[in-house]
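Read-outs throughout are calculated quantities, based only on the coordinates presented, and are distinct from any laboratory measurement. Bear in mind that the values here come from a model prediction, so they are computed numbers and not experimental data. Neighbour counts are summed over all protein chains in view; Cβ atoms, including those assigned to glycine, are modelled from backbone coordinates with ideal geometry.
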Amino acid sequence: MFETVKTTTQKIGEEEVEDRVASFFFSTADQKAILTDTARWEQEDDLSNTLPVQSVDDILTNCKLVPNPVTNMLNIDYDLLQDASISFSLHDAAGMAKIPPTIIQRKAGHYTEHLQMSSFTNGVYILYVTVNGLVKTLHVLKK
């Protein structure tokens, strides 16, 4: 089961187009356990001891895609406010992975990643940035 929790809009270039999404994936085994373990339901209903859910924007800030639209090399500039596990995956409009994710361990700080897109056909691509399991979705225009 794949569940999307939140989507909002941000700025990309001159327009406001960027989506931010918090997503979760539950394997078939996890789904079965969640649905059949009724004792867990009662425990999960007690919200008095829960911590606030962290947003990807609490960790990843100043994320910019330069240039966008891109012709050859896409630069992803970003800051991490804390040590994090981060990955980038690029998908075409049909959802096919063009650049699969590779998990990178990073310390807090400023970073720039580079994605070579010169061989890609023109169109809109979706960049998924995953930080400590939280997903941010960005749109890239290839010219």
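Computed quantities for the displayed model
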| read-out | value |
| --- | --- |
| Flag if residue 72 is over 13 Å from residue 127 (Cβ atoms) and polar (S, T, N, Q) | yes |
| Residue list for the stretch 55-77, restricted to those being among the acidic types (Asp, Glu) and part of a strand (DSSP E or B) | 77 |
| All positions within the stretch 86-143 that are among the polar types (S, T, N, Q) and in contact with a Phe, Trp or Tyr (Cβ under 7 Å, 6 or more places away or on another chain) | 89, 137 |
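A quick yes/no check of all residues on (1) touching a residue at least 60 places away in the same chain (Cβ under 8 Å); (2) touching a Ser or Thr at 6+ places or on another chain (Cβ under 8 Å); (3) farther than 18 Å from residue 64 by Cβ; (4) acidic (Asp, Glu):
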residue	(1), (2), (3), (4)
93	no, no, yes, no
97	no, yes, yes, no
125	no, no, no, no
131	yes, yes, no, no
134	yes, yes, yes, no
